[in-house]
Amino acid sequence: MTKSKLKISIAILLAVLAVVSAVVGFVNLPKRTSEIGEDIISDLRIQTIINATTGDGLIETYIGLAKEEARVKAKEAKLKMAEQRKVIAEAEEATRAKYEGVDTDNSSINPDDLAEPVKAYAEKLKAYLDEEASARQEYYDAHYDEAEAKAQAEREAKIAEGKDVPETMKVVVDMSGFVATEKMNALRAVSDEAYAQMGDAFKKSYPLIDDQALEAFEESIEKIVYVAGDDFSDLYDRYNAAGSMNAVDDKTAAFMVRYADDFIYIAIALVIVVLTILFSEFLIAKFGIPRVIIGLFFILLCFVSLFYDLPLDTYFSNTLVRMGMNSIMVLAMVPGIQCGISLNLGLPIGLVAGLFGGLATIQLGIPGFWGFLFAILVGGVIAAIAGWMYGHLLNRLKGEEMGVTTYVGFSIVSLMCIVWLVLPFNSLKLRWPLGSGMRNTIGLDKTNFEHVLDDFLAFEIGGFTVPTGLLLFMAALCFLVWLFGRSKTGIAMQAVGNNPRFAEATGISVNKMRIIGTVFSTVLGAIGILVYSQSYGFMQLYTAPRQMGFIAASAILIGGASTSRCKVSHVLIGTFLFQGVLTLGMPVANVIVPGSTFSETLRILISNGIILYALTKSGGATRG
């Protein structure tokens with residue numbers, strides 16, 4: 001069999017499996033909300049209640065109740081400790097003797113006799129707990145702004161005093177003032193009545209249980225029956241974990257209903273695999289092996305998240321935020337590649353300049369968006385000057401750009417570790433409370449430029465938060481870079497990057513274009529670190545900027561760029577994929593391998609591996 005026929009055969013087999021899986025999923029998914037699904041949950045629920053409230057455990061409950069009653073009476077009688085222990089021991093001994101030899105077997109219980117009372121109690125309890133959850137959420141929302149303002153004031157006071165603050169501000173709403181509503185009380189009364197009726201039916205089926213035991217079991221039974229927010233999957237999993245599956249007659253059918261959505265996910269995943277197999281040559285030729293692998297891995301993480309019922313909408317929201325906060329630093333790679341200096345691993349020069357601008361804003365106490373603009377202005381000017389000198393250095397070392405940029409990037413970070421210690425800033429937010437030098441991490445707050453872009457016009461769709469301001473700023477800078485690339489200077493700069501000898505023969509100043517690209521890249525780096533910091537809520541000094549150039553380079557290469565050619569689209573695609581893999585990798589890894597460092601290992605492998613791959617493809621040719 002030829003390679004092509006084998007590929008088609010495998011694709012057909014997987015396509016058949018996809019169809020079967022999709023049919024199973026779509027047939028069984030509606031059963032969750034039908035009578036079939038209700039019967040499955042009812043059988044499991046009743047069996048779980050029986051398992052939890054009968055057998056030898058019931059006798060131990062009676063013994064515990066007797067001991068507690070004896071303890072209370074002994075305290076009321078003001079007996080000495082030794083006498084109290086004696087009374088409690090006698091109560092335990094008497095209770096054990098009372099039930100010695102009593103048959104605790106629950107096999108005589110007919111679940112059908114409990115079906116209607118348990119169902120009625122479940123409905124009434126659900127109505128009460130949902131109303132309670134809604135009322136508590138309303139109370140929480142009504143008092144959140146007050147709690148947030150209090151937490152922010154406490155945080156700002158600590159920063160002003162020079163104290164360390166946590167990286168994330170914890171907002172705690174005091175719920176002690178919450179009072180049950182009239183509707184809650186009415187629903188609670190109805191729920192209690194339904195519980196009493198269920199208890200009566202239980203006592204008829206299992207005479208060994210009495211009102212005292214039912215009262216003791218009420219909290220446990222309530223948690224078994226329903227927890228606010230439960231759906232079919234939650235209930236099924238909880239009852240299955242309690243060992244109640246023997247109550248279901250057709251376990252296979254129940255399994256199909258429970259995992260119906262997962263069968264659909266598997267079907268979609270198989271379709272993607274089929275398309276990948278059939279069009280593998282085209283995909284590899286178009287995107288390259290690493291990008292295909294990383295793209296498929298990201299898709300795999302999405303399906304695994306769905307399979308484990310992880311909040312994928314929240315992770316996508318986090319990915320969108322991380323994409324916005326990292327994209328400008330990735331965008332800074334574009335002018336560098338286009339002008340011919342290859343991957344600008346000397347990006348920390350621009351990052352340090354941006355940090356200077358941010359520190360100046362905090363020192364002068366300029367708040368909000370104006371503070372952010374001032375930081376960009378100061379950082380941009382410093383970055384332009386530093387980029388101009390950096391560009392001249394690269395012009396003198398044509399053909400060795402990758403090594404030079406890496407060396408310069410590491411060197412500037414090491415140099416700044418000394419500079420941060422001697423800067424004359426005197427704000428308590430910036431300096432250590434004891435000794436001298438800048439803090440490792442500078443906390444941002446509302447008195448400067450924390451979240452000025454993230455919060456601007458932000459809105460939520462379900463659990464998905466859209467940071468409108470951050471995305472608009474990202475789009476504006478991407479458009480600016482795209483527009484510059486179509487200007488006369490931009491076209492000349494790209495000509496230098498593509499073929500410096502030909503560009504020089506046409507009268508274009510190669511050195512000048514390389515300096516323009518280097519300055520532009522450095523300034524974008526300064527803006528990028530400020531965008532990152534306002535979103536993160538902190539500015540990180542000392543060694544923190546050292547690896548950011550490699551991360552930015554990895555992201556743009558993942559997006560489809562090379563060491564000699566790139567577009568703005570590569571920035572957007574690469575940043576989304578890179579940050580998406582990191583965002584989804586950690587929770588998925590924690591579910592599969594609890595306590596692992598898989599996400600960080602994955603970041604190192606991807607960021608360094610993709611750069612290594614790109615360098616092998618660049619061929620090592622010089623540009624001199």
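The values are calculated or read from the model by the stated rules, or taken from the named source; none is laboratory data. All of these numbers come straight from a predicted model, not from anything done at the bench. Here Cβ is always computed from backbone atoms with ideal geometry, including for glycine, and neighbour counts include all displayed protein chains. Side chains included, ligands, DNA and RNA excluded: accessible areas come from the protein's heavy atoms. Shrake-Rupley method; radii C 1.70, N 1.55, O 1.52, S 1.80 Å.
Pairs meeting the criteria (first residue in segment 360-372 and under 19 Å from Ile529 (Cβ atoms) and without any contact (Cβ under 8 Å) to a residue 12 or more places away in the chain, second residue aromatic (Phe, Trp, Tyr) and assigned to a loop (DSSP other than H, G, I, E, B), beta carbons under 9 Å, at least 6 apart or on different chains) are Trp370/Phe449. The residues on offer are Val404, Val452, and the sole one that is part of a helix (DSSP H, G or I), surrounded by 15 or more Cβ atoms within 10 Å (Cβ to Cβ) and not small (Gly, Ala, Ser) is Val404.
None of Leu471, Leu457 is of a type in the set (A, V, I, L, M) and either open to solvent by less than 10 Å² (accessible area, probe 1.4 Å) or under 30 Å from Ile516 (Cβ atoms) (or both) except Leu471. The set of residues in segment 99-131 being among the acidic types (Asp, Glu) and either touching a strand residue (DSSP E or B) at 6+ places or on another chain (Cβ under 7 Å) or open to solvent by 60 Å² or more (accessible area, probe 1.4 Å) (or both) consists of Glu100, Asp103, Asp105, Asp112, Asp113, Glu116, Glu123. The set of residues in segment 267-296 being of a type in the set (A, V, I, L, M) and farther than 21 Å from Lys7 by Cβ consists of Ile294 alone.
Taking segment 298-343 as the range and being open to solvent by 20 Å² or more (accessible area, probe 1.4 Å) and either over 23 Å from Leu470 (Cβ atoms) or small (Gly, Ala, Ser) (or both) as the test, the residues that pass are Ile299, Leu300, Phe303, Val304, Leu306, Phe307, Tyr308, Asp309, Leu310, Gln338. Look at Glu156 and say whether it is in contact (Cβ under 8 Å) with a residue 60 or more places away in the chain, within 31 Å of the chain's Cα centre (by Cα) and open to solvent by less than 70 Å² (accessible area, probe 1.4 Å). Yes: the conditions hold for Glu156. The helices (runs of 4 or more DSSP H) found wholly in segment 1-97 and carrying at least 3 residues that are over 45 Å from the mean Cα position of the chain (by Cα) and touching a residue at least 24 places away in the same chain (Cβ under 8 Å) occupy 56-76.
For Gly295, the criteria (1) of a type in the set (Gly, Ala, Ser); (2) surrounded by fewer than 18 Cβ atoms within 10 Å (Cβ to Cβ); (3) modelled with pLDDT under 90 hold in every case but one, which is (2).
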